[in-house]
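The values are calculated or read from the model by the stated rules, or taken from the named source; none is laboratory data. Just so you know, these numbers come straight off a predicted model, no measurement behind them. Heads up, the Cβs are rebuilt from the backbone with ideal geometry, glycines too, and the neighbour counts pull from every protein chain shown. Surface accessibility is based on the protein's heavy atoms, side chains included, excluding ligands, DNA and RNA. Shrake-Rupley method; radii C 1.70, N 1.55, O 1.52, S 1.80 Å.
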Amino acid sequence: MSTQINKIKKLMLLISFITFSSINLIAQNFVPITTGDIATDTTNTNGASWIDYDNDGDIDLFLSNANIPIGYNTLYRNDGKDKFTKITRGEITNLQTPTFGNAWGDYDNDGNIDLFIVNAFSSLGSLMYKNLGNGNFQINNSFDQGSSPIRGFNAVWGDYDNDGLLDLFVTHPAKFVGMPITSNYLLHNEGNGVFFQVKGSPVASFSAPFTNATWTDYDLDGDIDLFIGSGPANGTVAPDFMYKNLLKESGKANFQRLNRELFTQDSIDGQTWNFIDYDNDGDLDAYITNWGGSLGGLKNNFYRNDGGPDSSRYTRITQGDLVNDIGISLAHVWGDFDNDTYLDLFVSNGGQQPNKLYMNKGDGTFQTITEGHLVTTKHSTWGAAVGDYDNDGDLDLFVPNKTGYIQGGDVNYLYRNDLDNGNGWFVLKLEGTKSNRSAMGAKVWVTTKTNRKAVTQYREVGGQATFLGQNDLRAHFGLGKAKTVMSVEIHWPSGQIDKFENIEANSFYNVKEGNTALAKMK
């Protein structure tokens, strides 16, 4: 009997070693691009965004830079084969003003994604630009019907009242960006490029050190809720500000602060919130980064949903490196980097600390990656942005770095994912018709079958689930060894539900709200 037990133990150790080795090989797949302006420019990059600003089918890159006294933002056009052209004409890259966050969304539903740049120190305040569709942008000087410039830290687009027009929320970090101290800004889209400041709303009626915000439908009831990181950043901690949207309950979009869920009660130095289904069980779990720079760094928090989509039963996960590593963390992004049907996690760290990559093993645990340029280099990283820039079916990473606010800066890193494990993939680009055209707030469920087991994955379209920037708006799914997608179900913000069955894997598809078929992209 003892001999048999020893054989079993040896087999388990061998399986564990093979699993560890294969997962660590994932890090070797992330190859840093070393040529071109995108690899050699030195900037103090705050936030990075993957967006297809010219509608040519591949994603481009925008960086907000905070050089003081003069900052220049950067736009790189994706020209394929790892080549990016630095765009040097136009105000969005030539205006001399230090910026923090940037947010992209089609606010006028004309098919071209527009830009909002958040300024903190400039007398100009924050700026909105209409995308004219020919590579040019036009400033929208009349967007704000308020009486003073909007100074803030970050902005996020989302249609909080489901009227088909993207609204905007801007955070103001009290005492971090000078005077005057204000509340946050909730800007309702009135159409025709005009926005109305909603005053008196619970999300925009008082001041606090608000930094990063995320719109997400955490309870899957059909309206987007608001989660605001508000780390004091002064050596103390406090609960963040999280609000449930009451649109579905009352018929009117209003917000109520959450206070009974476990994740609302912990005192943290909170920055970026993400709600994701990491265990593919149909409900949304929560992860929050803690900055803690004044304390030498803090652990990040992870909450598993144990009771279904509308439940408040959460368990704080205390085991594993992703909740025990101490770092000065701001951004984090989730994506299936090895296309095995489970979401993995990348965390960016400041203070010359290495960034972190945690691979989801599919059993509720994660393996920390310890090898490769992605996780061994040390810089001060604020942002991170994930997207498939070379359209090969796996997710790539852009990791921006900075040295401070003074003129100068650091190089950034673009990592191409050269995944070669045979796993399949499936990507959807959504376009709203009754809903906002960017499809922000749309929810997608994809079901596949591998080894006779059905797996359902969930994604919400919304690019702001990172720090001061955006991820690719396309919904990416790893399929493992599945060759066919059994079913796709999309819930649009308008209430429209579209369903599709038996779809070919390893392809990009366009889907318009209300259409009866997916359009395969060439």
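Are any residues in the range 468-522 part of a loop (DSSP other than H, G, I, E, B), open to solvent by 20 Å² or more (accessible area, probe 1.4 Å) and under 26 Å from GLY362 (Cβ atoms), and if so, which ones?
Taking the range 468-522 first, the residues part of a loop (DSSP other than H, G, I, E, B) are 468-469, 471-474, 481-483, 492-496, 505-507, 513-518, 521-522.
Now narrow it down to the ones that are open to solvent by 20 Å² or more (accessible area, probe 1.4 Å): 472-474, 481, 483, 494-496, 506, 514-518, 521-522.
ASP472, ARG474, LYS481, LYS483, ASN506 - these are the residues of the range 468-522 that are part of a loop (DSSP other than H, G, I, E, B), open to solvent by 20 Å² or more (accessible area, probe 1.4 Å) and under 26 Å from GLY362 (Cβ atoms).
Quick check, is THR370 open to solvent by 40 Å² or more (accessible area, probe 1.4 Å) and either among the hydroxyl-bearing types (Ser, Thr, Tyr) or not in a loop (DSSP other than H, G, I, E, B) (or both)?
Details: open to solvent by 40 Å² or more (accessible area, probe 1.4 Å): yes; either among the hydroxyl-bearing types (Ser, Thr, Tyr) or not in a loop (DSSP other than H, G, I, E, B) (or both): yes.
Yes, satisfied.
List the number of the failed condition for GLU431; all other conditions in (1) touching a Lys or Arg at 6+ places or on another chain (Cβ under 6 Å); (2) among the acidic types (Asp, Glu); (3) open to solvent by less than 10 Å² (accessible area, probe 1.4 Å) hold.
(3)
Mind listing just one residue for me: the one in the range 400-426 that is over 19 Å from LYS81 (Cα atoms) and among the hydrophobic types (A, V, I, L, M, F, W, C) and, of those, surrounded by the fewest Cβ atoms within 10 Å (Cβ to Cβ)? Walk me through it before giving the result.
We begin by selecting, within the range 400-426, every residue over 19 Å from LYS81 (Cα atoms); these are 400-411, 421-426.
Of the ones still in play, those that are also among the hydrophobic types (A, V, I, L, M, F, W, C) are 406, 411, 425-426.
Values: ILE406: 11, VAL411: 15, TRP425: 22, PHE426: 25.
Checking each candidate, the answer is ILE406.
State whether the residues of the range 435-450 include one that is out of contact with any Pro (no Cβ under 6 Å at 6 or more places or on another chain), open to solvent by less than 50 Å² (accessible area, probe 1.4 Å), under 30 Å from ASN401 (Cβ atoms) and in contact (Cβ under 8 Å) with a residue 40 or more places away in the chain. So that I can check it myself, show each step before the final result.
Narrowing the range 435-450 to residues out of contact with any Pro (no Cβ under 6 Å at 6 or more places or on another chain): 436-440, 442-450.
Next, only the ones that are open to solvent by less than 50 Å² (accessible area, probe 1.4 Å) stay: 436, 438-440, 442-444, 446-448, 450.
When the remaining residues are screened for being under 30 Å from ASN401 (Cβ atoms), the result is 438, 440.
Subset that is in contact (Cβ under 8 Å) with a residue 40 or more places away in the chain: 438, 440.
Within the range 435-450, one or more residues are out of contact with any Pro (no Cβ under 6 Å at 6 or more places or on another chain), open to solvent by less than 50 Å² (accessible area, probe 1.4 Å), under 30 Å from ASN401 (Cβ atoms) and in contact (Cβ under 8 Å) with a residue 40 or more places away in the chain.
If a residue must be open to solvent by 10 Å² or more (accessible area, probe 1.4 Å), under 24 Å from the mean Cα position of the chain (by Cα) and modelled with pLDDT of 95 or more, how many such residues does the range 110-136 contain?
5
Of all residues in the range 82-109, count the ones that are touching a residue at least 60 places away in the same chain (Cβ under 8 Å) and open to solvent by 30 Å² or more (accessible area, probe 1.4 Å).
3
Within the range 220-245, restricting attention to residues that are in contact with a Phe, Trp or Tyr (Cβ under 9 Å, 6 or more places away or on another chain), over 13 Å from ASN259 (Cα atoms) and charged (D, E, K, R), which residue is surrounded by the fewest Cβ atoms within 10 Å (Cβ to Cβ)?
ASP223
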